[in-house]
Amino acid sequence: MALEAIGSPILLTHLDATAADILAAARILSSHDLTELRKPTTFSEGLWLAKMRWNKKALMTEAAKLHYYFEAQSLWPRFWEKSDSNNNSNGLPWPLAVVASLVRNGATLTEAWTMPEAEAVWLHIAHCAASGADISVVSDQEWEAMEGYKAAESAKQEAKPNTRN
């Protein structure tokens, strides 16, 4: 949540990540104390930064580690989308809405900002559903059926002869 809230470039692409981007992400992801994030760079972090700045392979290795971590955090619930155009957004940034929900339901502010993203989102959705929000999570079986339907429809469209001139 903290990486998204600060607009970290590491979330956009891992291939263009700088050593500083990777260090900032590693600090955020490994900390449970937000004050730790403001501390000056340690000697070992400085060595790690220097290694990544001078060794492209080391930089790519560390970026790949983050990529795999983010893949694990992408296991959010999937939702049924409603066909109406009502946008129930209240203008709050998504990370703040999630953190506020967690705090309102008993997490400390530090816990809410530092817990793994997938955990935070699942808890937020569970809190919303428990408070009566109209949320329908798609099961794995339903998702697979929808993906199969989309693939079949796409194949049908590709098989149709082009009638335009």
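The values are calculated or read from the model by the stated rules, or taken from the named source; none is laboratory data. Because the structure is predicted, anything quoted here is derived from the model rather than measured. Using ideal geometry, Cβ is built from the backbone for each residue, glycine included, and neighbour counts are taken over all protein chains shown.
Observations on the model:
- Complete set of residues in the stretch 1-21 that are surrounded by 15 or more Cβ atoms within 10 Å (Cβ to Cβ), within 26 Å of A100 (Cα to Cα) and not small (G, A, S): M1, L3, P9, I10, L11
- Qualifying residue in the stretch 119-140 (condition: under 19 Å from A5 (Cβ atoms), small (G, A, S) and either surrounded by 15 or more Cβ atoms within 10 Å (Cβ to Cβ) or without any contact (Cβ under 8 Å) to a residue 24 or more places away in the chain (or both)): yes
- A24 being crowded, with 16+ Cβ neighbours inside 10 Å, closer than 27 Å to V137 by Cα and at pLDDT 80 or above: no
- Options A151, A97, A120: the member that is at pLDDT 85 or above, under 18 Å from I28 (Cβ atoms) and among the small types (G, A, S): A120
- Contacts under 9 angstrom Cβ, first residue in the stretch 62-90 being at pLDDT below 70, partner surrounded by fewer than 10 Cβ atoms within 10 Å (Cβ to Cβ) and outside any helix (DSSP H, G or I), 6 or more apart: K82/D134
- Here F43 clears all of (1) closer than 22 Å to E111 by Cβ; (2) among the hydrophobic types (A, V, I, L, M, F, W, C); (3) loosely packed, with under 14 Cβ neighbours inside 10 Å except the condition numbered (1).
- Residues in the stretch 1-21 that are modelled with pLDDT of 80 or more and either charged (D, E, K, R) or touching a His at 6+ places or on another chain (Cβ under 7 Å) (or both): 1 in all.
- Close contacts from the stretch 44-55, counting a first residue that is outside any helix (DSSP H, G or I) and a second that is among the aromatic types (F, W, Y), with Cβ to Cβ under 7 Å and a gap of 6+ residues or different chains, come to none at all.
- The single condition among (1) surrounded by fewer than 18 Cβ atoms within 10 Å (Cβ to Cβ); (2) within 16 Å of I6 (Cα to Cα); (3) small (G, A, S) that A112 does not meet is (1).
- Selection count, the stretch 22-50, where residues are basic (K, R), over 18 Å from the mean Cα position of the chain (by Cα) and closer than 19 Å to G7 by Cα: 1
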